Amino acid sequence: MSTNITPAERLRDAGLYAPGDAVLSVRDLNVRFNSENGVVHAVRGVDFDLMPGKTLGIVGESGSGKSVTSMAIMGLLPETADITGSVRFKGKELLGLSDKAMCKHRGNDIAMVFQDPLSSLTPVYTVGTQIIEALTVHNPTMSKQAKEARAVDLLRMVGIPSPKDRLKAFPHEFSGGMRQRVMIAIAIANDPRVLIADEPTTALDVTIQAQVLEVLHTAQEETGAAVVMITHDLGVVAGMADDIMVMYAGKPVETGTVEDIYYNPRMPYTLGLLGAVPRVDTATKQSLVPIEGTPPNLALPVTGCSFAARCPLVSDACLHGEPELFPVPGVAVPGVEGQALGHKAACIKANELSNDADAHRIFHAPPKPVSKFDGVARVERDKVLELKDVRKHFPLLKGALIKRRIGTVKAVDGLSFDIREGECVSIVGESGCGKTTTLLEIMEFHPDQVGEVIIGGVSNKVATDHKTKMAMRKEMQMVFQDPTGALDPRFTVYEVLAEPLENLGMPKAAIKKRIMELMKLVGLQPDHVNRFPNQFSGGQRQRIGIARALAVNPKLVVLDEPVSALDVSVQAGVINLLDKLRAELGLSYLMVAHDLSVVRHISDRVAVMYLGKIVETGDVDDVFDNPRHPYTRALLSAIPVPDPNLERTRERIILQGDLPSPLDAPKGCNFATRCPVFAALPAAKQEKCLTLEPPLASEKEGAQDFACFFPDGELDADMLVVHA
Amino acid sequence: MTNIIDPIAEIDEARVADQDVVIGKSRIIFRRFMRNRTAVAGLFIFLALFLFSIFGGFLTSWDKDTIDPLNIGMPPSPDHLLGTTQAGIDLLALIVDGTRTSILIGLIVGGLSVLISAVYGCTMAFFGGKVDATMLFILEALIMMPAILVVAVATSGGGGLKDLPSWLLLVVVLLFFSWMGTARLVRSLSMSLMQRDYVKAAKYMGVPSRRIVWRHLVPNIGSLLVLDFTRGITGAILAEVAFSFIGIGIKVPDVSLGVLIGQATGQVSSFPWMFWVPLTVMFLLTGSLAMMNDGLRDAFDPSSSSIGRAKTKTAKKVNK
């Protein structure tokens, strides 16, 4: 296909359908919304062909129009949106169909898996009813028995144990991962030809994400459906997709096969995105590639290249006319068997970017900052925070009038670790492992706690008067996960930053001076202090949050998932900032994160938590390169890597099931119920895991501590998966 | 807080707002409200009635205490624009007076009850524990109390309140029974606000709780309070009409819309204007407030769909 043909010709071409052609053809799709700022052109001319049985990955940041595209295909956009172009399913035009006519296709020919499994199932109906409903709508003649049998089949296919009994279960009886499996079961119930998955794993833990991706893979194999996978995570699609479309500002900016995109990116934006993601499998201590600036405002007409404002290679020619998708020369001819999209990039400089283009050099990534503490041995540095056997148990009560204690949730169960000056310690683990409770125990220290929290040499046991407490608070500040929720929407930036300083009783003039310093420190324009938080982008808001934490000059900053709410390109900038601040100000960080790639990049030490206990802790490189505890091994293997070849060949440990319920917490080793090593052990050795609790200890001096009896045991074959 | 908002910054702010993305919140709310035609119409009707209740006296040369012996129980005529009562009093003068009383009762009760519920609700949520339980018990007890009996006793001279004018008495009693629902709403809303990250952040910085309530909680429940203000006015007006209608609210010589409607019910067929005119005014009053309320909800609720359409008429035709 040449790019010179007119939209009219493109529309006509898509109308001619022959078997073997694309099941879904999208041509010149445009979507406009109204907003307070005028009409927003959210999707601007998307073209793609989806071949049967293939997977197309649509990658982009928030606001790039990837979800809007999928909603437009499904006909799920609100009436107020203006949609033009063509969406053809097997040659039949879908755009402009009435809602009723569209219902024949939705769920039957094209099905969708949504992002949030917690809200996409109706809580008042059983899971079985909801699957059967999907079957009934499109197969009114099917008998009740046949539908039930099919529902059981579907649940088995997506890997739900004892499917027949689970049919009668309600959504709240399932965990998030299980619910997403049910969603997939509903989506594939009628053997759709196209399955659209909109960020299907973003809301899930990494181990569960690995499970669900596996289920999607099976579902695709079983039904032969073509899949459109929408995601912001370059790792997730690397192993799954055949073709990739990178979207930016509502327009595809680069399309091609996975290999084209990952190994030979020709658009500076793609190049930057790939460089902005830290890798979990390498120990390179290099700064990340930051992409400065924000995407253009789509309420205004785009005159030049949409990426020009953020592109380091920008020249005058880029500002005149938006570049079309040009085929990249020197690559296989488009239209070759199995290649739905030739490699195309919307950049007039695509040819200048050679195969070995270095994103770090092009995007001027800053050098890795060096802290004054880096040269000092760890044992010689002061402890800024120390935890000694901290426990937090919640009673589990039942009964309305007279509450009976039926169990105990051991959210934090005997935690001891310390943080030295100038280092970053990270706590990782699945949700429900007690990471957040640990942070709360530290932040809300009080004398009656079980265990000791020592902040800057002062123990919580002596924090009885206001003055001591204030002194301890001053040592330690917090940065929150959601930058929007952490700033009062009614405060200007000045008021936000002044709050902690006023609290210390600083005079007005000094506050003003300090705020100007802080704004410069975190890379914000000082004259923006009069703006409200909603006038900033997510990354800038997080910078304000960091500035507020630094206002009182703390020694320790507690970071609760500091970048998980941010886009990939923005995330890199914030991580680089945190790195810089640590070096310049000699800060220590205590970070909680679920993204192990970020943890590897920023931390010096890491503690892996499982059910309220640390199962492995040590230097980040020791733990990540040579994990000893089977849980750490599983956790690390669950992280997708943005490298298609590696992703297709590497062995993955897929853990069975979810975190055990606190009611039947295991007696011996907490992890035994899901452990791949335990499953492969002979019965005699299993006895040890079930009765004794493994201590947290290291094998040799200087190596990491771990809590497992059989660190080098064989892994159970059932839990290992390799994609050929 | 306000010391840094100098004129230059404000100009800067406006410039940014004009440019593109950044729009002040008050402007968004205003625009959203203006986009709702019904709400704007409601606002105009309410303002018109308000002006009428103040300056309406100039439309007629009669007042509500003067009897016109030549025109007793006459239908509308050039002399008496809305006719007269069977006692020979000009109906327009009565309506102006009655509307004023009704609006006055509505505004005072609506405004004060919002204030009381905000303070009460925030206090409950903030202190929690035993204070919360006790205050909640009092609140529940008040909800259980039969308001109508208390009104009847109070306005008919029970409890030694004879000296107060009857409308003021009604205001006090209505106020006493109007704030509980909102207080409970404010309590639960503040409780969820207490869980927000920015409140936690302030706590971890060691900001005293009292200051957190004042600076973070109260401003953030503001939009609820504005909505509740208009709702409160409607409620108070309706309650006044209902109580006066059954004869336990406003007592003569005070006049209100409820009194006028109540007096006229007996003679709907013989003196229809005496019944329909005050009823229409009451409907206009409560109706305009209800129309405004809908628009206010749209304006304050960020998730509402009042952002207009992108689809043009021509585009629609192509699609069909």
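The values are calculated or read from the model by the stated rules, or taken from the named source; none is laboratory data. Only a predicted model underlies this, so the values are computations on that prediction, with no experimental measurement involved. Note that each Cβ is placed from the backbone with ideal geometry, even for glycine, and that neighbours are counted across all protein chains shown.
Data for the structure
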quantity	calculated
Pairs, first under 16 Å from A:A238 (Cα atoms) in region A:198-219, second basic (K, R) and modelled with pLDDT under 85, C-beta under 7 Å, six or more apart	A:A210/A:R652
A:P265 within 17 Å of A:V568 (Cβ to Cβ) and at pLDDT 85 or above	yes
Odd one out for A:T438, checked against (1) within 14 Å of chain B (Cβ to nearest Cβ); (2) hydroxyl-bearing (S, T, Y); (3) in a helix (DSSP H, G or I)	(1)
Matching residues, region B:122-134, being out of contact with any Asp or Glu (no Cβ under 7 Å at 6 or more places or on another chain) and within 19 Å of B:L217 (Cα to Cα)	B:C122, B:T123, B:A125, B:F126, B:F127, B:G128, B:G129, B:V131, B:D132
Qualifying residue in region B:201-224 (condition: under 29 Å from B:E140 (Cα atoms), more than 10 Å from every other protein chain (Cβ to nearest Cβ), assigned to a loop (DSSP other than H, G, I, E, B) and out of contact with any strand residue (DSSP E or B) (no Cβ under 7 Å at 6 or more places or on another chain))	yes
Filter result for the condition that a residue is basic (K, R) and free of Cβ contacts under 8 Å to residues at least 24 places away in the same chain, over A:K688, A:K667	A:K688
Test: residue in region A:233-254 that is at pLDDT 90 or above and of a type in the set (S, T, Y)	yes
So A:I58, is it away from chain B (no Cβ under 14 Å), surrounded by 20 or more Cβ atoms within 10 Å (Cβ to Cβ), closer than 23 Å to A:V137 by Cα and of a type in the set (V, I, T)	no
Where a residue in region B:246-269 is assigned to a helix (DSSP H, G or I) and its partner, wherever it lies, is modelled with pLDDT of 80 or more and charged (D, E, K, R), with Cβ under 7 Å and at least six apart	B:G258/B:E240
Selection from region A:71-100 of residues that are of a type in the set (G, A, S) and at pLDDT below 90	A:G75, A:A81, A:G91, A:G96, A:S98
Options A:K520, A:K555: the member that is crowded, with 19+ Cβ neighbours inside 10 Å, modelled with pLDDT of 85 or more and away from chain B (no Cβ under 13 Å)	A:K555
Selection count, region A:26-53, where residues are in a strand (DSSP E or B) and within 8 Å of chain B (Cβ to nearest Cβ)	6
Residue within region A:117-140 that is surrounded by 19 or more Cβ atoms within 10 Å (Cβ to Cβ) and of a type in the set (D, E, K, R) present	no
Number of positions in region B:102-137 that are over 14 Å from the mean Cα position of the chain (by Cα) and either polar (S, T, N, Q) or assigned to a helix (DSSP H, G or I) (or both)	21
Qualifying positions in region A:65-121 - closer than 24 Å to A:M51 by Cβ, in contact with a helix residue (DSSP H, G or I) (Cβ under 8 Å, 6 or more places away or on another chain) and among the polar types (S, T, N, Q)	A:S86, A:N108
Meets criteria (touching a helix residue (DSSP H, G or I) at 6+ places or on another chain (Cβ under 9 Å), within 12 Å of chain B (Cβ to nearest Cβ) and either surrounded by fewer than 17 Cβ atoms within 10 Å (Cβ to Cβ) or at pLDDT below 90 (or both)) for A:V529	yes
Residues that are facing another protein chain (nearest Cβ under 7 Å) and either in a strand (DSSP E or B) or surrounded by fewer than 21 Cβ atoms within 10 Å (Cβ to Cβ) (or both), drawn from region A:478-506	A:M478, A:D482, A:G485, A:R490, A:E495, A:N503
Any hit, region A:532-547, residues being touching a residue at least 60 places away in the same chain (Cβ under 8 Å), in a loop (DSSP other than H, G, I, E, B) and more than 30 Å from A:I454 (Cα to Cα)	yes
Test set (1) over 30 Å from A:S569 (Cβ atoms); (2) out of contact with any strand residue (DSSP E or B) (no Cβ under 8 Å at 6 or more places or on another chain); (3) assigned to a loop (DSSP other than H, G, I, E, B) - A:L95 fails condition number	(2)
Only one of A:L234, A:L298, A:L313 that is in contact (Cβ under 8 Å) with a residue 12 or more places away in the chain, surrounded by 23 or more Cβ atoms within 10 Å (Cβ to Cβ) and touching a Pro at 6+ places or on another chain (Cβ under 6 Å)	A:L234
Filter result for B:G247 (buried (at least 17 other Cβ atoms within 10 Å of the Cβ), more than 14 Å from every other protein chain (Cβ to nearest Cβ) and not basic (K, R))	no
Residue, nearest to the chain's Cα centre (by Cα), within region A:457-474, restricted to residues that are more than 10 Å from every other protein chain (Cβ to nearest Cβ) and crowded, with 19+ Cβ neighbours inside 10 Å	A:N460
Counted residues, region A:370-391 - those being surrounded by 15 or more Cβ atoms within 10 Å (Cβ to Cβ), under 30 Å from the mean Cα position of the chain (by Cα) and part of a loop (DSSP other than H, G, I, E, B)	1
A:K90 being more than 14 Å from every other protein chain (Cβ to nearest Cβ) and either in contact (Cβ under 8 Å) with a residue 40 or more places away in the chain or within 19 Å of A:M240 (Cβ to Cβ) (or both)	yes
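Yes/no matrix, rows are residues, columns are (1) basic (K, R); (2) under 25 Å from A:Q656 (Cα atoms); (3) modelled with pLDDT under 90:
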{"site": "A:G128", "(1), (2), (3)": "no, yes, no"}
{"site": "A:E133", "(1), (2), (3)": "no, no, no"}
{"site": "A:P140", "(1), (2), (3)": "no, no, yes"}
{"site": "A:K144", "(1), (2), (3)": "yes, no, no"}
{"site": "A:F174", "(1), (2), (3)": "no, yes, yes"}
